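A quick write-up on the structure given underneath.
What follows is calculated from the coordinates using simple rules that are stated; it is not laboratory data. Just so you know, these numbers come straight off a predicted model, no measurement behind them. Positions of Cβ are generated from backbone atoms using ideal geometry, with glycine treated the same way; all protein chains shown enter the neighbour counts.
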2 protein chains.
Amino acid sequence: MQLKNDLILRAAKGEITERTPVWLMRQAGRILPEYRKIRAKLSGFKELVETPELAAEVTLQPVDLLDVDAAIIFSDILVVPEAMGLTYQMLEKKGPYFPKTLKTIQDLDQLHIIEGDELTYVYDAIKIVKAELNSRVPLIGFAGAPWTIFSYMVEGGGSKTFSEARKFLIQQPQLAHQVLELITKSTLNYLKRQVAAGADLVQIFDSWAGILSPSQYREFSLPYIEQIVRSLETVPVTVFAKGAYFAMKDMNNLSCQTIGLDWNMDIQKAKRLLADKTLQGNLDPAILYGDKNQIEKATDQMMKQFIGHPHIANLGHGVYPDTHPDQVKIFIEAVKKFNS
Amino acid sequence: MQLKNDLILRAAKGEITERTPVWLMRQAGRILPEYRKIRAKLSGFKELVETPELAAEVTLQPVDLLDVDAAIIFSDILVVPEAMGLTYQMLEKKGPYFPKTLKTIQDLDQLHIIEGDELTYVYDAIKIVKAELNSRVPLIGFAGAPWTIFSYMVEGGGSKTFSEARKFLIQQPQLAHQVLELITKSTLNYLKRQVAAGADLVQIFDSWAGILSPSQYREFSLPYIEQIVRSLETVPVTVFAKGAYFAMKDMNNLSCQTIGLDWNMDIQKAKRLLADKTLQGNLDPAILYGDKNQIEKATDQMMKQFIGHPHIANLGHGVYPDTHPDQVKIFIEAVKKFNS
């Protein structure tokens, strides 16, 4: 069925659209009181992720309430390592925690490649969202980049330095590559199922890109991202590698059309180094703590710099949970007004 | 008294030395069993910081045991906010925690500028170290950059996003500048006392530089760093702004001679953009998890790139606590061999 609003799909194919499409990372829930109401009734975050009807409901909320140009499925990048064999808990105020982590070659026995119905609850949620959206806007599917998933599997949770994961790369590089292969195959199978279920566009989040040295990033992250995006031929793909300012030139060679920028990345430089790509981003999420005037001014400044380049407006990182929805609306309105 | 080894001082004044000096951030303690032995007898980290004889002892350990070209006083950047009025606790495995934080203009009443003997224990430790060193190598004093101190005062501890501190900059920019002024004056007074007590060189750590957008960094961090370094006329000053890859051009204009690089920063680019500066760094600290061959190869690769430019060898961040001292020695030896 023809989408009523396909701005983001056209931009994600390299088109300079008549109006710049806009959505927010982490828009699915998190900031909305309507989301919190649902979340409060549940045992935890994972119950929400694993219950298709509820995941679908919070996915649709920002479309209805914020009027963004795309929905993004409510889920978590860590469903992939879990489906591969390492379960995790989401600890309140602390973040993810893996009781078992990856340390030696023996631990590989615990892992398997996602090939079947391990993550049916995600595909089911996508189907419900698609039906409910009724072609209003496109739906974005997503997964973590293999390096980012690998670091959680080794580290067992968040970290300031990810020194365990980086130690693994130094001490057991062959094994790291083996694991990255398993994650890559799993992620590709998972994303293909998301597309089959109805995802119109896919985004890959390399959240811990910035912790690697440039040469490590070239060895342990980019080739696996490339494997994935090269094989996703039917939908546009966006790669968002937070902190990988040093890899812009390399990223221009990825077989995907869109590259996300974080708020530290210089737009002019990105336009030069990523000349062939659609760019997504990159307002500082902290700007949404400002008043109407500040948000409008900062949005306009950002939008001006992207003129003449294919662009999808977004923040430079996920929206912060204590952001007021009204401030998000001001940002979205400012993007839409800029073009009209 | 004439220093027996003044390599680091000459490099820090812009000289290309006959052998590149080497030291490690966080070398004072942390990785050495000899340090842990002392630490284990105490109630906590702060007791060590506040007891001059013990702080001096762990400051000297890496000079004796690792044969580095400089000592750095064992202390903590958070003694400054504490002396200004906000006490902190160092929680085991969790890091610093400030029970009271800075939120509104009323909280300014709790703060005062460091002008006197608030931090005598640091100056005393410096005096003991200087006497014990007996001019073998120079002693480095240090402080946090005002922005980094400010973020701890507002955030109350570590954070993945520092969104509270960044919210403060957006919502109360005037007040932020007022607080940054207080911190700047305090830091300057503190560093002058360190120099008077015997510090031969001073380093300013802007640990959270990378969390700001380039324009915010120019407004809320760099001018305060400049105020400090401009007023420290008698000793060489190093500024290490982690993650501030976007500010290299600006940093070339700072009134200090040395700029530290983190391990993500491109050395060739740094040599171009920081053409007038001595560069310090920047081996990935995770490399020290490798074997002898890996460490030597990576060190050589790094050293080669700095040839022809004034250079102080170091890691690109503090040494990780679980690094084996032998691996640190291999790094230090590799730097020293490279030049001979």
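Remarks
- One chain, two ends: B:Ile105 and B:Glu34. Fully extended at 0.36 nm per residue, the span grows by 21.0 nm beyond their Cα-Cα distance.
- The range A:66-148: GluC sites (Glu not before Pro) falling in loop per DSSP and having at most 16 other Cβ within 10 Å: A:Glu92, A:Glu115
- Spin-label proximity, A:Ile16 to the range A:325-340 - amide N less than 20 Å from point 7 Å beyond Cα toward beta carbon: A:335-340
- Looking at the range B:1-70, the pairs of alpha carbons with a distance over 15 Å make up 59% of the total.
- At 0.890 mPa s and 25 °C, Stokes D of the range A:128-248 from Kirkwood alpha-carbon radius, µm² per second: 163 µm²/s
- Across the range B:7-339, the relative contact order, built from alpha-carbon pairs under 8 Å that are at least six residues apart, equals 22 percent.
- Residue mean of other protein chain beta carbons inside 10 Å, A:160-170: 5
- Cα Rg over Rh - the protein assembly as shown, Kirkwood: 0.97
- C-alpha long axis of helix A:52-66 to longest principal axis of chain A, angle in °: 30 degrees
- As a ratio to 2.2 N^0.38 Å, the alpha-carbon radius of gyration for the range B:7-339 is 0.94.
- Computed from Cα positions, the angle between helix A:146-155 and the longest principal axis of chain A comes to roughly 60 degrees.
- From the C-alpha gyration tensor of the range B:196-266, square roots of 5λ in Å: 21, 13, 10
- Within the range B:7-339: Cβ-based charge dipole about Cα centre, in debye rounded to nearest 20 (Lys, Arg +1; Asp, Glu -1): 660 debye
- The mean sequence separation of alpha-carbon pairs under 8 Å and at least six residues apart, normalised by the residue count of the range B:188-253, gives a relative contact order of 49 percent.
- Gain on full stretching of the segment that runs from B:Arg218 to B:Ala196 - 0.36 nm per residue minus C-alpha separation: 4.9 nm
- Ordering B:Val49, B:Ser135, B:Ser215 by the projection of their Cα atoms onto the charge dipole of the range B:7-339, which places +1 on the Cβ of Lys and Arg and -1 on the Cβ of Asp and Glu, puts B:Ser215 at the extreme positive end.
- Across the identical copies, how the A:Pro214 labels are spaced - nm, sorted shortest first, 7 Å along Cα→Cβ: 1.6
- Expressed per residue, the C-alpha convex hull volume of the range A:179-337 stands at 126 Å³.
- Residue among A:Asn293, A:Leu279, A:Pro33 farthest towards the positive dipole end of chain A, charges placed on Cβ: A:Asn293
- Isotropic mean projected area of the C-alpha convex hull, the range B:27-114 (nm²): 6.9 nm²
- Computed magnitude of the charge dipole of the range A:198-290 (debye, nearest 20; Cβ of K, R +1, Cβ of D, E -1): 240 debye
- In this rough spin-label picture, where each label sits 7 Å from Cα along the Cβ direction, the A:Asn134-A:Glu233 distance is 3.6 nm.
- Choice from B:Trp263, B:Trp23, B:Trp147 with maximal GNM fluctuation in chain B (Cα, 10 Å cutoff): B:Trp263
- log₁₀ of I(q)/I(0) at q = 0.21, 0.27, 0.29 Å⁻¹ - the range A:146-203, Debye sum with one point per alpha carbon: -0.79, -1.01, -1.10
- Value in Å of the Kirkwood radius, where the range A:245-287 supplies the Cα pairs that are averaged: 10.5 Å
- Look at the alpha carbon pairs under 8 Å that are at least 6 residues apart: their mean separation over the length of the range A:1-96 gives a relative contact order of 26 percent.
- Taken along the Cα-to-beta-carbon direction at a fixed 7 Å, the label points for B:Asn253 and B:Gln268 span 2.7 nm.
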